[in-house]
Amino acid sequence: MKRNRPILFVGGGRITSALCAGLRLGRYSREIVVYDRNPDKLRALRTESRVTTAHDLKEALPRAEILIVAVRPASVPGVLQEIAGTGTWPRLCVSLAAGIPLAALRRSLASPARWVRAMPSPVSRIGRGLTAISFDPAVSTTERARVHDLFEIVGQVIEVSERSFDTFTATYSSSHGYHALATLASAAQRAGLNRKTALTAAAHALSDGIHYWRESDLSVDQLLREAVTPGGIAAASMAAMDKAGYRQAVQRGIQAGITQARRNAVSQKTRKTSPAPT
């Protein structure tokens, strides 16, 4: 592959915006091309991240080194049909669509496409993202390294087997942190703290505690023993939350996310392929 060729995003939504911003923050200087039918999205991306906007997919595809499909799962069949209709596409293709398996991608866009599934975090925008990747066996060692290198610009990369991909997707979302922050701060407000103080206390409890775990050599169990003194305030709080069903609620939430990802896969198999907006 010629290394001076651009990457091409098909779909100019939130995750594309986050990745483009993170790539530029990480001093990625090569051309980034984005194709989307929404001119407002393209204008915003051009201003924010100095991307090249493409209005003709047929012209953009032959130039690209890597194709990144960044649309909602329901739009994937139509987008891949549109790409297939152009008659040419890059050898290395990456799908960011949750729940769509590699086998379905291979069926929709045949050789020379070699597929990678990737699940990047919106936190990629500030270079602190986490991206899971899963490779089709046909992807070469050199191509695997190229994908690793690209996503490592915006944060940590871990390789996950495809059978575990849906579980990772349901678990890693930054929405868990935002949800916990909002819930904990709201409880503190109801107990008497003002909103600003409640958010500060809740944010410390979540982000700074996790940062300590990342920087230390201690396990989560060791940190819990350190933070939760028997008979203390934290111990009483943790026990009450567990008694109220905290663990079960989280388990049900993860399972619901996995179930939705599997619905996406089933929908992709049964949906008639017709052009869909990006």
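Worth a mention:
- Most fluctuating residue given options Arg163, Arg125, Arg14, as computed from a GNM of the chain linking Cα atoms under 10 Å: Arg163
- In the chain, helices alone account for a calculated mean residue ellipticity at 222 nm of -15500 deg cm²/dmol, with every DSSP H run of four or more residues adding -39,500 (n - 2.57).
- With the simple spin-label model, which puts each label point 7 Å out from Cα in the Cβ direction, the Ser111 to Asp56 separation comes to 3.0 nm.
- Between Ile233 and Asp221, the simple label model (points 7 Å from Cα in the Cβ direction) yields a spacing of 2.8 nm.
- If you sort the three axes of the alpha carbon gyration tensor as a ≥ b ≥ c, you get a/c of 1.5 or more for region 19-145 and a/b no higher than b/c, which makes it oblate.
- Net charge of Cβ neighbours under 11 Å - reference Leu218; Lys, Arg +1; Asp, Glu -1: -2
- Rounded to the nearest 20 debye, the dipole size of region 7-164 about its Cα centre is 200 debye, using +1 on the Cβ of Lys and Arg and -1 on the Cβ of Asp and Glu.
- Prolate/oblate/rounded label for region 158-217 (Cα gyration tensor, a/c 1.5): oblate
- Its Cα centre serving as origin, region 175-244 has a Cβ charge dipole (Lys and Arg +1, Asp and Glu -1) of approximately 420 debye.
- Computed from the C-beta positions of Ser29 and Ala103 and an R0 of 30 Å, the FRET efficiency is 0.25 to the nearest 0.05.
- Dipole magnitude for the chain: about 780 debye, using +1 per Lys or Arg Cβ and -1 per Asp or Glu Cβ, origin at the Cα centre.
- Charge dipole of the chain about the Cα centre (unit charges at C-beta), most positive-ward option of Val220, Phe135, Ala240: Phe135
- Point-to-point label distance, Thr167-Ala44, nm (Cα→Cβ direction, 7 Å offset): 3.5 nm
- Tilt relative to the chain, helix 76-86 - C-alpha long axis, 0 to 90 degrees, to 10: 20 degrees
- Once the C-beta distance of Lys196 and Gln248 is scaled by a Förster radius of 30 Å, the resulting FRET efficiency is 0.40 to the nearest 0.05.
- Counting Lys and Arg as +1 and Asp and Glu as -1 over every other residue whose Cβ lies under 11 Å from the Cβ of Phe135, the net charge comes to -1.
No lab work stands behind these numbers, since they all come straight from the coordinates. These numbers were taken from a predicted model, which means no experiment stands behind them. With ideal geometry, Cβ positions are generated from the backbone for all residues, glycine too; neighbour counts draw on all protein chains shown.
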